[in-house]
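Heads up, the thing below is written out as structure tokens.
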Amino acid sequence: MSDTEASPAHSPQKVAKGESSKRSKKFGDDPNSEIDAQALVVMQKGFLDDVIDGIQLGLITIAIICVIFIAVFGSSLPNIFPVTAPFYNMVVRFPKVIMNFPQCAAELRQLIPTNLNELMQLGAAIVEHFQEALHTLPYKECVLVFSWAIYVWEAKLNVRQRDRLHEVKRPQAIASFITRQIYLEANSYGLDKSSLALVKDFVNQLQTTFIIVYDLIPMLWYAVGECAEQYLGLGEEYQITHSVLFFVAVMLISTVLSLPFDLYATFVVEKKHGFNKQTWGLFFSDLAKSLVLSMVFGVPILAAFLWVIGKTGSQFYLYSWALLAVVQVLGILIYPTFIQPLFNKFDPLPAGELREAIESLASRLEFPLKKLYVVDGSKRSGHSNAYVIGFFKSKRIVIYDTLIEQCSTEEIVAVLGHELGHWKKNHVMRMLAMAQLQTFLIFFAFSCFIGEQAMYSSFGMHTTPIMIGFIFFQYLYEPLGSLLQFANNLVSRVHEFQADEFSKKLGYGKQLASCLIKLQIENKSSMNPDPLYSAYHFSHPPLVERLNALDNPHVAPKIE
């Protein structure tokens, strides 16, 4: 596609003027028959949309029926239909709770500690009540409620986003630089991905429910233990070996269950929209390499964690957190040198205008650039990217060959100015520190549950293996994990705006805006995402928000 279509820096007025001369009565845009046909495809709602509409209508109908029943039968409703008693009691008590709120607030105010001694007493009381609750908590029921609540919430967000993708009229904010055809192509791609995601999430949720309800995790654990004892002569005392074998079994089962969706995503969705470059041989070669690497690195790491937890007692969370921090740092160090080359070919960027411009930028910012690579991302996908990796005085810049094909030299330098803005403002270290804090919280919280017999027995376990306890704990932790991921996205978005501002102050504001538009077009990213869906799922701000920030007159470009 031409640069004229891609960038407002070239001729946004020309695009707008050319399309305003004629208006389609049906869609309010240029009456091109091929584009109208594509618009009809985007607008059309298929079987999946009908199912979604049916579910929503059914829920509304159920809600209306409940209200009618309460109004007609009143206080006798729980006696006629005992199953409605919890719902009825909640509805009846709600007004009383609101009316008694001032009294409850006054009582709570009296409980607020006024000195250190009262604060310590309150803390001890909370800890005591928490420990008592752990003994009686219905763990399996809680996990099922948490799991389905998160699924329903995320499904609702997906439906909101899907409604946006069915739109065929471009928002005014992007109409000057995104042609109607490009907008429709992006929405068509988004709808295909949305359909796959909705089906995949539903199947995964059913699998999770089936696993929890029928105690399949304990069943697999004891089956692996019986095989280990029968064929390897390893009894219950070999818990680490047992856990490793269980880990391998779970990994293989998960791979098989997710394989149909991965194949469909790669060879149907991505191929249909012109992104997939993989062959079947390359796909399964990557899959085999990933499995081998997971075993080579995952097995010793898992064994080390279990050993540390078993040897360090009640304060294992401190040592486990420290071990994971070391593992993460080592992973960052070895990933670009040993792991990535197994999947992609990294060649030094040839001498020329682009290399000179990048080296000049690195020198200008005193960036310790050691290596500058171009990676053959095009052999798998048409998507593009560029990134900076490395610690301390050994940094490397990696550019996808697809990015070089899609953008000019100045635009690529502008993108790298954005990436170096992350480095200059220590965003990577901040996010790493946040990740370490969250990891510490996870292990500390797990220390409260690790020895809780009620949790294991709730899921059908008559022993308390550490690994199985951590799996159960992860189910309980899922709601908090979702909130923390949302918080991470908020912080990441702030960092993205700051990195954009950094690139603009280097004098690359227009070039960065132009490249962002081109990448949005080439990657067929969502042009008009639902705000709530975007806030929950996207670590980067939507294109329009980034362009508006770059146009902010209060952030004047300056040469640093």
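The values are calculated or read from the model by the stated rules, or taken from the named source; none is laboratory data. Bear in mind that the values here come from a model prediction, so they are computed numbers and not experimental data. Positions of Cβ are backbone-derived with ideal geometry, glycine not excepted, and every protein chain shown enters the neighbour counts.
Observations on the structure shown:
- Within the range 399-410, the set of residues being crowded, with 22+ Cβ neighbours inside 10 Å and out of contact with any Ser or Thr (no Cβ under 6 Å at 6 or more places or on another chain) comprises 399, 407.
- Checked against the criterion of being farther than 18 Å from residue 144 by Cβ, within 21 Å of the chain's Cα centre (by Cα) and surrounded by fewer than 19 Cβ atoms within 10 Å (Cβ to Cβ), the range 464-481 has no qualifying residue.
- Among the residues of this structure, residue 299 does not count as one that is surrounded by 14 or more Cβ atoms within 10 Å (Cβ to Cβ), touching a Leu at 6+ places or on another chain (Cβ under 9 Å) and in a helix (DSSP H, G or I).
- Answer from 115, 204 - the residue that is of a type outside the set (Lys, Arg), under 30 Å from residue 271 (Cβ atoms) and surrounded by fewer than 16 Cβ atoms within 10 Å (Cβ to Cβ): 204
- Answer from 15, 42, 51, 67 - the residue that is closer than 30 Å to residue 162 by Cβ and at pLDDT below 70: 15
- Among the residues of the range 125-174, those identified as small (Gly, Ala, Ser) and closer than 30 Å to residue 545 by Cα are 155, 173.
- Pairing residues of the range 413-426 that are more than 14 Å from residue 386 (Cα to Cα) with residues that are in a helix (DSSP H, G or I) and at pLDDT 90 or above, at Cβ distances under 8 Å and at least 6 apart in sequence or on separate chains, gives 424/502; 425/495; 425/498; 425/499; 425/502.
- The residue that is surrounded by the fewest Cβ atoms within 10 Å (Cβ to Cβ), among those in the range 253-289 that are farther than 23 Å from residue 401 by Cα and of a type in the set (Val, Ile, Thr), is 256.
- Conditions (1) free of Cβ contacts under 8 Å to residues at least 60 places away in the same chain; (2) in contact with a Phe, Trp or Tyr (Cβ under 7 Å, 6 or more places away or on another chain): number failed by residue 124: (2)
- Residue within the range 217-237 that is of a type in the set (S, T, N, Q), part of a helix (DSSP H, G or I) and surrounded by 14 or more Cβ atoms within 10 Å (Cβ to Cβ) present: no
- Candidates 541, 553, 557 - the one that is at pLDDT 90 or above, assigned to a loop (DSSP other than H, G, I, E, B) and of a type outside the set (Lys, Arg): 541
- Restricting attention to the range 319-339, the residues that are closer than 15 Å to residue 441 by Cα, touching a residue at least 60 places away in the same chain (Cβ under 8 Å) and not polar (S, T, N, Q) total 3.
- Selection status of residue 283, part of a helix (DSSP H, G or I), out of contact with any Leu (no Cβ under 9 Å at 6 or more places or on another chain) and among the hydrophobic types (A, V, I, L, M, F, W, C): no
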